[in-house]
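Here the structure comes first, spelled out in structure tokens, and everything after it is commentary.
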């Protein structure tokens, strides 16, 4: 009888199973670099029976996780398999193959899988990783239990390894292995390499070299951290008068290396501070190692990876109790299984979005206004009321008034509309206070006619000094962004007509102010404008709200399931491709290219469309679209340029990134710069076609080494892009709907 579709979906696709297996090996070093996983897999076959036992355990746990319906993403990542791998490798080192042996491999794999899920479930409640704790618990139980298993025969494979290698590859393979083993690399390097191999229960320079090469290939930062952790331990042992010999390799090695990688670059953003913590934690790892070794010796057990697990989990748990997250030690929020990717994403996010807020706030007026008093102003914006703005209008002569400026009607700001900065409920209205004569102030009713709007929990806007009788809203009204609240007046403590604007956490008229940025606005600059995002307008700046462009809203307001047909030409080679709009289970929107499989993740907040991440083929049309439209404000801007910055690992070649990776925790010298010119609004009906220009510049120490220039025509039908660099030329055309 055939299986139902829902049942057959539980089994993995071949590529998912391969990824799951290779990732299980890489996860021992917190990596999902599949080539590194393959290198580690091959390294386990220095002892063939151990290699087969480990591979079988990973296959079994992966298939079981897929079949039983556990988190498919975690299964592909190899998270359920690496503990079983570590638990079964020593079986192949110490016992002869046979029925009892293979049954035990299967049982241990199942046992480790169940324990891994259970430990993960317990520690996940505290947002803690399970690391290799299941392996440590299983290996202790296994060592104690197998002493009673008379059907298992000790084989001494780890002693007679050359015989095994001779059986596989003859004298050539034996010769290669011995050449590696006899390398004169010095005591420190030898201890480091043997310590690496000890992770797979080997005492092998050759194995250490293979693992070190794979680690260097997968992550330069992890490689450096492994050396730092090992060096710190080496120095501490010598300082304490404990000589290091090859007999110590199982203790000195992987506990310090894995702790260094975990604390210094995987669970925390790799920085100088995280590296300092690696050095500070190393003596703790040593003390745990030595202390538990003495304790466990009573049962003839090893500490295995226990010190690494205790120290790492302890540190992560303690750091979660901080009231203030320090800037120098930052936890990784979105794990990308690579210290480099984590670091570049973190730095780029801070550069682009450090001041971003989930609630978007606009300026409360149209047209150009002048910041007469900003945060920490010299007149009234002091103490609890330091985070506020005063806005006036200024004419070409630099004055805030026309004529003699003796009447309120002479002032340019007087009776101009005051707008709601965002959607919300009116929670307070003060009305009926007369406007002051020019130069006079009302100290009794300090704020004058005022409106307070609730936008969100603990987020209120207060606008003051309205003209008497102009307020159009009442308490309890719902207003949307841009709704006219009233007009600018001169009531309260106001010597001339202006708008007072502040954000606060409570709804009261005398509430203290709250620092909160304006989401998007234009700052006047040398005859044009500079686009500002989530910034605080400063005193003496001339600013305005951007005017929305409906065409761009229509084009970039993608809908999940929408498909786009493209014609793409790269250096005279033409092809047609299809893109589809999709979302992840975490509601992340992305465009996927069905031809190349490339993905470009984006966000659209109603005012700006911008990309946040790209993965895939850099010769695909989607990559050039990602470059050209990295950030697109959905509004007009006369002579306005938008500036942004790419994560370096997404625009520079892998070769260029090698040296940068080594220095990344200390300095980033590779910078991908992006700029785009906003279109100028020509007339009320010129909304059917728009022309944009963007530039991409790759810089080393601010010296441009490569650049792209893009010219884009946008209309109701879709987008046409022409791009050119020093060595390439592209043309891209997509129809709005397929």
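Remarks
- Selection status of residue 268, more than 24 Å from residue 199 (Cα to Cα) and touching a residue at least 60 places away in the same chain (Cβ under 8 Å): no
- Residue match in the range 554-570 (condition: out of contact with any strand residue (DSSP E or B) (no Cβ under 9 Å at 6 or more places or on another chain), assigned by TED's automatic domain parsing to the domain that holds residue 676 and not in a strand (DSSP E or B)): yes
- Set side by side, the residues 540, 513, 506 differ, and just one is surrounded by fewer than 22 Cβ atoms within 10 Å (Cβ to Cβ) and touching a helix residue (DSSP H, G or I) at 6+ places or on another chain (Cβ under 9 Å), which is 513.
- Among the residues of the range 86-104, not a single one is within 28 Å of residue 335 (Cα to Cα) and outside any helix (DSSP H, G or I).
- Residue in the range 114-153 that is nearest to the chain's Cα centre (by Cα), counting only those that are assigned to a helix (DSSP H, G or I) and more than 27 Å from residue 101 (Cβ to Cβ): 124
- Within the span defined as the range 496-503, every residue fails to be at pLDDT below 95, under 30 Å from the mean Cα position of the chain (by Cα) and either crowded, with 23+ Cβ neighbours inside 10 Å or part of a strand (DSSP E or B) (or both).
- Hey, residue 603 over 26 Å from residue 709 (Cβ atoms) and free of Cβ contacts under 8 Å to residues at least 60 places away in the same chain or not: no
- When residue 610 is tested against the conditions (1) part of a strand (DSSP E or B); (2) more than 22 Å from the chain's Cα centre (by Cα); (3) under 30 Å from residue 419 (Cα atoms), the lone failure is (2).
- Scanning the range 1-30 for residues that are modelled with pLDDT under 95 and not in a helix (DSSP H, G or I) yields 1, 2, 3, 4, 9, 10, 11, 12, 13.
- Scanning the range 386-443 for residues that are free of Cβ contacts under 8 Å to residues at least 40 places away in the same chain, surrounded by fewer than 17 Cβ atoms within 10 Å (Cβ to Cβ) and under 49 Å from the mean Cα position of the chain (by Cα) gives 395, 396, 397, 398, 399.
- From the options 310, 288, residue that is assigned by TED's automatic domain parsing to the domain that holds residue 236, surrounded by fewer than 24 Cβ atoms within 10 Å (Cβ to Cβ) and modelled with pLDDT of 95 or more: 310
- When restricted to residues that are surrounded by fewer than 16 Cβ atoms within 10 Å (Cβ to Cβ) and in contact (Cβ under 8 Å) with a residue 60 or more places away in the chain, the range 271-282 contains 1.
- In the range 652-666, the qualifying residues are those that are without any contact (Cβ under 8 Å) to a residue 60 or more places away in the chain and buried (at least 19 other Cβ atoms within 10 Å of the Cβ), and the one that is nearest to residue 216 (Cα to Cα) is 660.
- The set of residues from the range 468-493 being free of Cβ contacts under 8 Å to residues at least 60 places away in the same chain and within 30 Å of residue 530 (Cα to Cα) comprises just one member, 479.
- Failed item, numbered, when residue 460 is tested on (1) under 15 Å from residue 421 (Cβ atoms); (2) out of contact with any strand residue (DSSP E or B) (no Cβ under 7 Å at 6 or more places or on another chain): (2)
- Members of the range 45-64 that are surrounded by fewer than 24 Cβ atoms within 10 Å (Cβ to Cβ), modelled with pLDDT of 90 or more and assigned to a helix (DSSP H, G or I): 49, 51, 52, 55, 56, 59, 60, 63, 64
- Here 363, 301 are screened, and the one residue that is modelled with pLDDT of 95 or more and at negative phi is 363.
- Residue in the range 332-351 that is in contact with a strand residue (DSSP E or B) (Cβ under 7 Å, 6 or more places away or on another chain), part of a helix (DSSP H, G or I) and touching a residue at least 60 places away in the same chain (Cβ under 8 Å) present: yes
- Residues located in the range 625-656, provided they are more than 18 Å from the chain's Cα centre (by Cα) and assigned to a helix (DSSP H, G or I): 625, 627, 628, 654, 655, 656
- The set of residues in the range 700-735 that are surrounded by 16 or more Cβ atoms within 10 Å (Cβ to Cβ) and either free of Cβ contacts under 8 Å to residues at least 12 places away in the same chain or under 28 Å from the mean Cα position of the chain (by Cα) (or both) comprises 706, 708, 710.
- Note on the range 283-331: residues that are closer than 22 Å to residue 270 by Cα and touching a residue at least 60 places away in the same chain (Cβ under 8 Å) total 10.
- Within the range 380-410, tally of residues that are within 20 Å of residue 538 (Cα to Cα), outside any loop (DSSP other than H, G, I, E, B) and touching a strand residue (DSSP E or B) at 6+ places or on another chain (Cβ under 6 Å): 6
The values are calculated or read from the model by the stated rules, or taken from the named source; none is laboratory data. Quantities reported herein were computed from a predicted structural model and do not represent experimental measurements. For neighbour counting, all protein chains shown are included, and Cβ atoms are generated from backbone atoms with ideal geometry for every residue, glycine included.
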